[in-house]
Amino acid sequence: MAAHEQAKPVVLAVVRDLFFGNRIAHAAEALGARVVFVRQRADLPRLVAEHRPRALLLDLAAPGWTWADDLPAARAAAGGPLYILAFGPHAQADLLRAARAAGCERVVANSKLAAALPTLLAAALRGGSSTPAEPHSADL
């Protein structure tokens with residue numbers, strides 16, 4: 001990897017939809033960041049420790065993940081602040097509420113993430129400085 005790539009802020013992403021993953025990568029690139037995709041659950045703590053990401057985008061519907069267990073491991077590996085932006089199906093409101101209760105800084109429905117990806121990603125890269133701590137109805 002080139003030195004200028006290493007200097008870019010990193011976003012780790014757990015995404016089940018490869019096409020949407022591509023949208024995330026392009027949005028991050030436009031913001032001067034790069035995305036590292038986490039393909040296997042066991043790799044999350046290592047990739048967090050290795051890349052020291054500013055944010056983690058977490059697809060709550062990704063198969064094979066136990067995000068309630070994975071979040072504490074990711075935070076422990078970060079060694080500092082880690083902004084977690086979780087997203088999932090709006091029809092699974094209980095899942096979205098549980099992610100909020102587990103400590104995700106922002107939880108949105110898939111449709112909200114798709115509609116506002118650049119804005120949400122920019123806020124995540126800033127540590128969420130312009131996003132409310134409490135969710136608002138527009139997130140669902």
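No value in this document is a laboratory result; all are computed from the given coordinates. Just so it is clear, the model here is predicted, and its values are computed rather than measured. Please note: Cβ atoms are built from the backbone with ideal geometry, for glycine as well, and neighbour counts cover all protein chains shown.
So here's what we get for this one:
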read-out	value
Candidate set from segment 34-84 (those that are acidic (Asp, Glu) and more than 20 Å from Arg97 (Cβ to Cβ)); member that is surrounded by the most Cβ atoms within 10 Å (Cβ to Cβ)	Asp43
All strands (runs of 3 or more DSSP E) inside segment 12-88 with 1 or more residues being within 16 Å of Val108 (Cα to Cα)	55-59, 83-88
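Rundown of residues vs (1) among the basic types (Lys, Arg); (2) touching an Asp or Glu at 6+ places or on another chain (Cβ under 6 Å); (3) within 23 Å of Ala122 (Cβ to Cβ), yes/no style:
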| residue | (1), (2), (3) |
| --- | --- |
| Arg54 | yes, no, yes |
| Gly64 | no, no, no |
| Asp70 | no, no, no |
| Ala74 | no, no, yes |
| Tyr83 | no, yes, yes |
| Leu95 | no, no, no |
| Ala98 | no, no, no |
